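K.L.:
Got a structure for you, questions after.
We did not get these values from a lab; they are worked out from the coordinates using the rules stated. These numbers were taken from a predicted model, which means no experiment stands behind them. In this analysis, Cβ positions are derived from the backbone assuming ideal geometry, glycine residues included, and neighbour counts consider all displayed protein chains.
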Amino acid sequence: MTEVIIVQHADEAGRLVADAITALAERTPAAVLGVATGSTPLPVYRELAAGAGSGLLGGLSAFALDEYVGLAPDDPRSYHHVIHSEVTLPLGLDPSRVHAPSGDPGTLSTAGARYEQAIAAAGGIDLQLLGIGVDGHLGFNEPGSSLASRTRVKTLTEQTRRDNARFFDSPDEVPMHCITQGLGTIREARHLVLLAFGARKAAVVAAAVEGAVSSFVPASVIQLHPHVTVVVDEAAASELRNVAYYRHAQQHKPDWQGL
Ligand code: GLP
């Protein structure tokens, strides 16, 4: 089932998803979280950080979706560093249990398989947070990515390099390559939670949720997953066709059903 929840504001989404993660940590203190970078999941991390004093999250492990090739883990623009400062520290996670794929150019040929093994050794991902690129990418799975792909090196599109240039001094500094969990890897997480906010994401949200499943809209792979929650604000929901039903289902959601 692809459940679509429409919220008024990104902060409301942050609270909703943070509550679901807290409930997961209550049920399963050593649960495995899949974390995403980008601006979209920040309200979730903020909410979780606000409640982190309880120590409830301290047993969680986390796996990031992706990393740039060629940026050292202590480079502030690397996703290792972003996850460390946005997630590991504020949520009080044990750094030895927080992982990101290695973008070290010297060991790239085995980095994908090693990351897959690490996820499997942790028992798989319980809840995977996802943002979405305007071109439909999940992680860094650009259009054309195999729906069965595993963690591997990819070449970034010019669109994605432009979109991410805001984190660099100049667009030319954005790495050309990345290493990303594959769509097949992402599909194995037990619960996918995809977040999108703002009108800029409206067309791609509609394509991913209601369009044809296609490697040209990598995020459409979520339609093949048995447990997906899409949380969008009104602007990002504005091109969905089935919106009346989503609101209806939201209003009549059984009490016992979590996110
Ligand atoms: C990056 C990340 C993705 C993220 C996307 C959207 O390219 N690799 O994981 O979902 O950007 O970013 P934002 O949430 O900032 O729109």
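K.L.:
Listing Asp135, Asp74, Asp163 from the residue with the fewest other Cβ atoms within 10 Å to the one with the most, what is the order?
P.N.:
The most exposed by this proxy come first: Asp74, Asp135, Asp163.
K.L.:
Just to verify a number: FRET efficiency for Gln251 and Ala199, C-beta to C-beta distance, R0 = 22 Å, to 0.05?
P.N.:
The calculated FRET efficiency here is 0.35.
K.L.:
Please compute the modelled spin-label separation between Arg114 and Arg150, points set 7 Å along Cα→Cβ, answer in nm with one decimal.
P.N.:
1.6 nm
K.L.:
Continuing with the same structure: Ranking request for peptides 48-59, 231-242: highest mean number of other beta-carbon atoms within 10 Å first, then the rest in descending order.
P.N.:
Ranking the peptides 48-59, 231-242 by packing returns 231-242, 48-59.
K.L.:
Taking 0.36 nm per intervening residue step and subtracting the Cα-Cα distance, what contour gain separates His177 from Ser96 on full extension?
P.N.:
26.6 nm is the gain from fully extending His177 to Ser96.
K.L.:
Using only helices, what value at 222 nm comes out for the chain when you add -39,500 (n - 2.57) per DSSP H run of length 4 or more and divide by the total residues, to the nearest 500 deg cm²/dmol?
P.N.:
Per the formula, -8500 deg cm²/dmol.
K.L.:
Report the label-to-label distance for Ala30 and Asp169 in nanometres (one decimal), using points 7 Å from each Cα along the Cα→Cβ vector.
P.N.:
Reported label-point gap for Ala30 and Asp169 is 4.5 nm.
K.L.:
Less than 15 Å from a label point 7 Å out along the Cα-to-Cβ axis of Ser54: which backbone N atoms in the stretch 1-32 qualify, by residue?
P.N.:
Within reach of a label on Ser54, which here means backbone N under 15 Å from a point 7 Å along Cα→Cβ, the stretch 1-32 contributes 15-31.
K.L.:
If you find the alpha carbon centre of the stretch 121-183 and of the stretch 185-259, how far apart are they in angstrom?
P.N.:
19 Å
K.L.:
A further question follows. Positive end of the charge dipole of the stretch 112-196 (Lys, Arg +1 and Asp, Glu -1 on Cβ, about the Cα centre): tell me which of Pro171, Ile119, Leu156 has its Cα farthest that way.
P.N.:
Highest projection toward the positive end goes to Ile119.
K.L.:
Write down the percent of antiparallel bridges among all DSSP beta bridges whose residues are both part of the stretch 1-143, to the nearest 5.
P.N.:
So the antiparallel bridges amount to about 10 percent of the total.
K.L.:
Additional query: With a cut-off of 8 Å between alpha carbons and a minimum separation of six or more residues, what is the relative contact order of the stretch 58-126 in percent?
P.N.:
36 percent
K.L.:
Further, regarding this structure: State the volume of the convex hull built on the alpha-carbon positions of the stretch 147-221, expressed per residue in Å³ and rounded to an integer.
P.N.:
In the stretch 147-221, the Cα hull volume divided by residue count equals 110 Å³.
K.L.:
Relative contact order for the stretch 6-154: what is it in percent, counting Cα pairs under 8 Å that are at least 6 residues apart?
P.N.:
Computed over the stretch 6-154, the figure is 25 percent.
K.L.:
Under a Cβ-Cβ cut-off of 9 Å, what is the net charge of the residues other than Pro43 that fall near it, where Lys and Arg count +1 and Asp and Glu count -1?
P.N.:
-1
K.L.:
Using DSSP to call loops (not H, G, I, E or B), can you name the chymotrypsin sites (Phe, Trp or Tyr not before Pro) in the stretch 134-218 whose Cβ has at most 16 other Cβ atoms within 10 angstrom?
P.N.:
Those satisfying the criteria are Phe168, Phe216.
K.L.:
Apply 1/(1 + (r/R0)^6) to the Cβ-Cβ distance of Thr107 and Gln8, taking R0 = 41 Å, and write down the FRET efficiency to the nearest 0.05.
P.N.:
0.35
K.L.:
Next up: In whole percent, what relative contact order does the chain give with Cα contacts below 8 Å and a gap of six or more residues?
P.N.:
After rounding, I find 24 percent.
K.L.:
Using DSSP, restrict attention to beta bridges with both residues in the stretch 107-259 and report what percent are antiparallel, rounded to the nearest 5.
P.N.:
40 percent
K.L.:
Can I ask one more? Please report the antiparallel percentage of DSSP beta bridges with both residues in the chain, rounded to the nearest 5.
P.N.:
Roughly 30 percent of the beta bridges in the chain run antiparallel, per DSSP.
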